[in-house]
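Read-outs: derived from the displayed coordinates by stated rules, not from any lab. The structure presented is a predicted model; accordingly, all values stated were derived computationally and were not measured. Cβ coordinates were reconstructed from backbone atoms using ideal geometry, including for glycine residues, and neighbour counts include every protein chain displayed.
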Amino acid sequence: MVPKQKDHQKKGPAQQPADEISSIHARIKLFEHPFAHQVINTKIEMFCSYCMRAAPGDGKLLKCSACNHTRYCNKECQRLAWKLHRIGHFQVFPNLPLTEILFQSKVIDRVQFIRENGDKYGWERERPFSSLCDHKDEIRKDEAKMEYFEKLLNKMTTFRGDEMPEREVFFDIFCKIQINSHSIHTNAGNEVGMAIDLGVSLYNHSCRPTCSMVFDGFRVVIRPLVPDIDANDTSKSFISYIDVGRSKHIRRRELKTRWFFDCECSRCMDPADDVLTAIRCSNPCCDEPQVITETSEPCYIACAKCGSMTDDDTVKQAQQLMLSLPAQFDPECPAEKLRELLASAESVLHPVNVYITRLRTALLHITGSLEENITSIHKQVYENYKLCFPKADRHVGYQLLHIVKALIEKDDREEAITYAYDAMNIFEVCFGLDHPYYLQTLALWTYLDQRTPKSKAELIALTNFNDNRRVDIETLLEKAAAISPGTLAINLPKSKH
């Protein structure tokens, strides 16, 4: 990937009139030929090693009898994967090779094949592998990355033996992978594997993305999140390389560490974004956020609302607290430890502060509930998410479903209707009308809106997503019409997006 620093300053083709791009479907971009991909070792029994989709309904994948490691949906997936399956190399390692070794070895195979035979399979249909940004000079100066490279070099040499390329050739490939590869997730956010897709690598980063990446196994759909964006126009279509639900300081630090650029996207240049690191007013009766950042110079702050002064020691204390919190919380972290951190943070940080939100969501993830009103907490998280994510981002939709679930559990179905409707509209934009996430949420909203007599368990089940596979709606409707001719009527709600 080749990040450009100022998305608001980029120039591209003139904006197309709305009637030329009449639907989201016309504005999406599909990539279904990754240069290389690999299921992570811990998920090898759950996801097909070729298509990277979850096991079918019976939960069973076919094991490769030759290597006893890879699994496949069916014989067709095994056949398609066979030309890049290196069985003999598994015998070299007494234990399973690192996922990174298997992945980067596949990249080496393709680079060597293209060099010797040309691009006969169209792997470089979007761009040449050689054109990828590599940041070699920066990586050479990065002690941690060079230490990691030496580790991989030694293991890869053992794994590939005589087929190992020269050190500098491998370093070039290693650098390109570091900058241009991406992880593959289920749409519920669970990591499945890694890939390098030469088409996806054309898209630049923004902390205020205009498009989202939707996965169906290794296939990637770039979907616009806003009306005037066509995902085919990479000069205006931006994706997020990182979790953008964090402060500017953390986002920029991660982008600089991995991709070696200082992000100057529209969000990072927007002073309003700093409210995510705001602290409380020194007046306990005032709810006005006092805006600071983790690294700003500590100073006295006069509240714009009540005039109270917050001293520089309080500012410094808040900064130290924010900097001491991890960018990501360990799922094994004891709940009591998280409660202590949350109590400490709430005493000085404003409720809108993103560190408060991340502590709350971490505690919710570990315990499933909080001592406080869970619906109120979910609503506070939702308000914070609206500051961090685009309006139609799937994370906002997921949080809306958390609210819906909490309201259903407390028998407040009337209030849940609006939240379910908003989630449904978001999933229509993010995933499309044929995606199970949208269809489940459509059913959920319909049952709530029509006051259909469903049990709590039946409604809550619709908030749990298990399958990414798209639904062939046309075939299902044809079957339904054949069963009950003349009686089929489908009325989909009009989207607000």
Practice prompt. Using the structure shown, list the pairs from K176/K337; K256/K316; K176/K248; K305/K405; K60/K410 with a Cα-Cα distance above 28 Å, or answer none.
Written response: K176/K337; K305/K405; K60/K410
Practice prompt. Check each of the chymotrypsin sites (Phe, Trp or Tyr not before Pro) in the stretch 102-203 and keep only those in coil by DSSP with at most 13 other C-beta atoms within 10 angstrom; list them in order.
Written response: Y121
Item to complete: Would you grab the residues whose amide H sits under 5 Å from the one on I40? Only those 5+ places off in sequence or on another chain, please, with H modelled 1.01 Å from N.
Response: G193, M194
Discussion item. Which of rounded, prolate or oblate describes the chain when judged by the alpha-carbon gyration tensor and an a/c cut-off of 1.5?
Written reply: oblate
Worksheet, complete the sentence: Filtering chymotrypsin sites (Phe, Trp or Tyr not before Pro) in the stretch 284-377 by DSSP loop and by at most 14 other Cβ atoms within 10 Å leaves Y300
Worksheet item: For the stretch 291-406, what does the alpha-carbon gyration tensor say about shape, rounded, prolate or oblate, given a ≥ b ≥ c as the root eigenvalues, a/c under 1.5 as rounded, and a/b over b/c as prolate?
Response: prolate
Worksheet item: Which helices, counted as full DSSP H runs in the chain, have an axial Cα extent of no less than 24 Å and a Kyte-Doolittle average of -1.0 or above?
Response: 99-117, 143-160, 413-431
Item to complete: Would you mind checking which residues have amide H under 5 Å from D216's amide H? H placed 1.01 Å from N; only 5 or more apart, or other chain.
Response: V221
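When a/c is below 1.5 the answer is rounded, else prolate if a/b is larger than b/c, else oblate, so apply that to the stretch 144-259 with a ≥ b ≥ c taken from the square roots of the Cα gyration tensor eigenvalues.
prolate
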Practice prompt. Based on the mean of other Cβ atoms within 10 Å per residue, sort peptides 67-79, 428-440 so the most packed one is first.
Written response: 428-440, 67-79
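Can you give the translational diffusion coefficient of the stretch 163-223 in µm²/s, computed by Stokes-Einstein from the Kirkwood radius over Cα pairs at 37 °C and 0.692 mPa s?
Numbers: Rh = 13.3 Å.
Roughly 247 µm²/s, to the nearest whole number.
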Item to complete: Please check which bits of the stretch 279-293 a label hung off K305 would reach, taking the label as a point 7 Å along Cα-to-C-beta and the cut-off as backbone N under 11 Å.
Response: 280-290
Worksheet, complete the sentence: Only helices counted: for the chain, with every DSSP H run of 4 or more residues adding -39500 (n - 2.57) and the sum spread over all residues, [θ] at 222 nm is -12500 deg cm²/dmol
Worksheet item: What nm distance separates the two modelled labels at E264 and Q112, each placed 7 Å from Cα along Cα→Cβ?
Response: 4.3 nm
Worksheet item: Suppose R0 equals 35 Å; then what is the FRET efficiency for S235 and E336 from their Cβ-Cβ distance, rounded to the nearest 0.05?
Response: 0.10
Worksheet item: With labels modelled as points extended 7 Å from the Cα through the Cβ direction, what inter-label distance (nm, one decimal) is found for T452 paired with T295?
Response: 5.2 nm
Item to complete: For K120 and D228, calculate 0.36 nm times their separation in residues minus their Cα-Cα distance, and state this gained length in nm to one decimal.
Response: 35.2 nm
Worksheet, complete the sentence: Plugging the Cβ-Cβ distance of N154 and I366 into 1/(1 + (r/R0)^6) at R0 = 35 Å yields, to the nearest 0.05, a FRET efficiency of 0.40
Worksheet item: Hey, how much of the P(r) for the stretch 260-346 falls beyond 14 Å, as a percent of Cα pairs?
Response: 70 percent
Worksheet item: Given R₀ = 41 Å, FRET efficiency for T42-S131 by Cβ-Cβ distance, to 0.05?
Response: 0.80
Worksheet entry | Karplus-derived 3J(HN,Hα), 6.51/-1.76/1.60, for each residue of the stretch 208-224, Hz, glycine and proline x | 10, x, 9, 9, 10, 9, 10, 9, 10, x, 7, 6, 10, 10, 8, 10, x
